[in-house]
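Enquirer: Take a look at the following structure, please.
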Amino acid sequence: MSLEIRPSPSAAASNAIPVESKSAIVLQPEDISPDKVIEQTIIARQKSLWDQFFLYMDLEEMLKRDPARSRKFNSVSADERADMLRAFRADLMLQRIDYDIVAIPSKFYIETTTYSQTEGTVKVLEWFKNDKFQERKRYTYYVRQRDGIWQIYDYTVDNLGTE
């Protein structure tokens, strides 16, 4: 008789633990305001610091934004869900899907932040350089607080034209 024991899905069982590249410190989300969460996320993307970029993102909710992916995610086993989340993260990093969230703005300005104890929105003007013009877009990031940490779970984008 054989017995197979699997570790619980925790940070220790994870393939990669997010660490800061220069100091090798394990990254932990901090109890900061929603606008600071968005600011740090955008700056991390500008610097291609992927672990910091994903630090305040609820990847499961982001994956479920697409109804087809959500149906599949809800119908598979826990192991398959973990695989889907890893694949989703990899696809975001390779800019294969949801390009708007991983696009790199040349500059940004936080317009407004509104939040209650558990939900909030942060509106940000972002500029994207092209060869001969700049695109201007308004991103609305939706955040939710869990265990004292604000996380991005959704976003919308309004195109405001070019400059």
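Residue-by-condition table, conditions (1) among the β-branched types (Val, Ile, Thr); (2) under 24 Å from residue 63 (Cβ atoms):
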{"residue": "100", "(1), (2)": "no, yes"}
{"residue": "103", "(1), (2)": "no, yes"}
{"residue": "109", "(1), (2)": "no, no"}
{"residue": "114", "(1), (2)": "yes, no"}
{"residue": "120", "(1), (2)": "no, yes"}
{"residue": "141", "(1), (2)": "no, yes"}
{"residue": "149", "(1), (2)": "yes, yes"}
{"residue": "154", "(1), (2)": "no, yes"}
{"residue": "162", "(1), (2)": "yes, no"}
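Enquirer: If you don't mind, another one. Please state which of the following conditions residue 114 fails to meet, knowing it meets all the rest: (1) among the hydroxyl-bearing types (Ser, Thr, Tyr); (2) over 18 Å from residue 52 (Cβ atoms); (3) touching a residue at least 12 places away in the same chain (Cβ under 8 Å).
Expert: Result: residue 114 fails condition (3) only.
Enquirer: Is it true that residue 76 is among the aliphatic types (A, V, I, L, M) and under 18 Å from the mean Cα position of the chain (by Cα)?
Expert: no
Enquirer: Could I ask something else about it? Here are some conditions: (1) under 18 Å from the mean Cα position of the chain (by Cα); (2) of a type outside the set (S, T, N, Q); (3) more than 19 Å from residue 44 (Cα to Cα); (4) open to solvent by 70 Å² or more (accessible area, probe 1.4 Å). Residue 131 meets all but one. Which one does it not meet?
Expert: (1)
Enquirer: Filter the stretch 140-157 down to the residues that are free of Cβ contacts under 8 Å to residues at least 24 places away in the same chain and within 17 Å of residue 113 (Cα to Cα), then identify the one that is least open to solvent (accessible area, probe 1.4 Å).
Expert: That would be 140.
Enquirer: Mind listing just one residue for me: the one in the stretch 130-154 that is outside any strand (DSSP E or B) and of a type outside the set (S, T, N, Q) and, of those, farthest from residue 105 (Cα to Cα)?
Expert: 147
Enquirer: Looking at (1) at pLDDT below 95; (2) touching a strand residue (DSSP E or B) at 6+ places or on another chain (Cβ under 8 Å), find the lone condition where residue 131 falls short.
Expert: (2)
The values are calculated or read from the model by the stated rules, or taken from the named source; none is laboratory data. What you are looking at is a predicted structure, and each value in this text was computed from that prediction instead of being measured. Ideal geometry is used to build each Cβ from the backbone, glycine not excepted, and the neighbour counts take in all protein chains shown. SASA here: full protein model, heavy atoms, side chains in, ligands and nucleic acids out. Shrake-Rupley method; radii C 1.70, N 1.55, O 1.52, S 1.80 Å.
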